[in-house]
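All remarks here apply to the structure that follows.
The values are calculated or read from the model by the stated rules, or taken from the named source; none is laboratory data. Being a predicted model, the structure only gives us computed values, none of them experimental. Backbone-built Cβ (ideal geometry, glycine too); neighbour counts: all protein chains shown. We work out accessible area using only protein heavy atoms, side chains counted, and drop any ligands, DNA or RNA first. Shrake-Rupley method; radii C 1.70, N 1.55, O 1.52, S 1.80 Å.
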Amino acid sequence: QVQLVESGGGLVQPGGSLRLSCSVFGSILGINVMGWYRQAPGNQRKMVALVTSTDDTIYADSVKGRFTISRDNAKKTMYLQMNSLKPEDTSIYYCNILRLGIDYWGKGTLVTVSP
C-alpha cells in the first residue's frame, strides 16, 4: 500500500513562489510516473506536471517556464517549484503516482494566489 501526503500550500501574492512537496509512504519500486494535478472550484482536475521513471518531464502549457517538477528518490519525495504565480494558479494541488498499473492520489494542498 502506498500513501501520498502533500505539503507546502498556502497564500501567496501574485508574482510570488511556493514549493510543494509530496512524500511517499510505502514502496517506490515500480513507480512509472509521478505528477502534480490541480483542481479549481467548479473545474475538472487537470495535469500540471509529470516526471517519468527516466526523468522525462511534461508540463501543461499554462505553467511552462514557471513551474519545475523534480523528485528525490532517496527522500521518497516529489516537488513542484512554482514561480511567478498568478491568481489563475489558485487551486487544490494533488500529488499522483502510477505504480504497477495503479493510480494513487494524495488528499491535496490548497494554493491561493491573491494580493
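Things to note:
- Summarised in one figure, the compactness ratio Rg/Rh of region 1-101, Cα atoms and Kirkwood Rh, is 0.95.
- Residues of region 1-35 with amide N under 17 Å of a point placed 7 Å along Cα→Cβ from E88: 14-16
- Per atom type, the chain shows carbon and sulfur on 50% of its accessible surface, probed at 1.4 Å.
- Within the straight-line cut-off of under 20 Å between alpha carbons, the lysines reachable from K76 are K107, sequence neighbours fewer than 8 places apart in one chain being disregarded.
- Look at where the Cα atoms of region 44-82 and of region 88-104 average out, and the two centres are 10 Å apart.
- Sequence-distant aspartates and glutamates (8 or more away, or on other chains) whose Cα lies within less than 16 Å of K64: D56, E88, D89
- Each peptide among 67-73, 47-53, 77-83, 97-103 gets the average number of other Cβ atoms lying within 10 Å of its residues, and from highest to lowest they stand as 77-83, 47-53, 67-73, 97-103.
- Using the 1.4 Å probe convention, the accessible area of the chain works out to 54 Å² per residue with neighbouring protein chains retained.
- Hits among aspartates and glutamates - C-alpha to C-alpha of K86 under 17 Å, sequence gap 8 or more where chains match: D61
- Cβ-Cβ distance of W105 and Q13, R₀ of 22 Å, FRET efficiency by 1/(1 + (r/R0)^6): the value works out to about 0.15.
- In this simple spin-label model, placing a label point 7 Å from the Cα along the Cα-to-Cβ direction at both S53 and S23 gives a separation of 2.6 nm.
- Extended-chain gain in nm, criterion 0.36 nm per residue less alpha-carbon gap, V5 and K46: 12.9 nm
- Across the chain, Cα pairs under 8 Å and at least six residues apart give a relative contact order of 38 percent.
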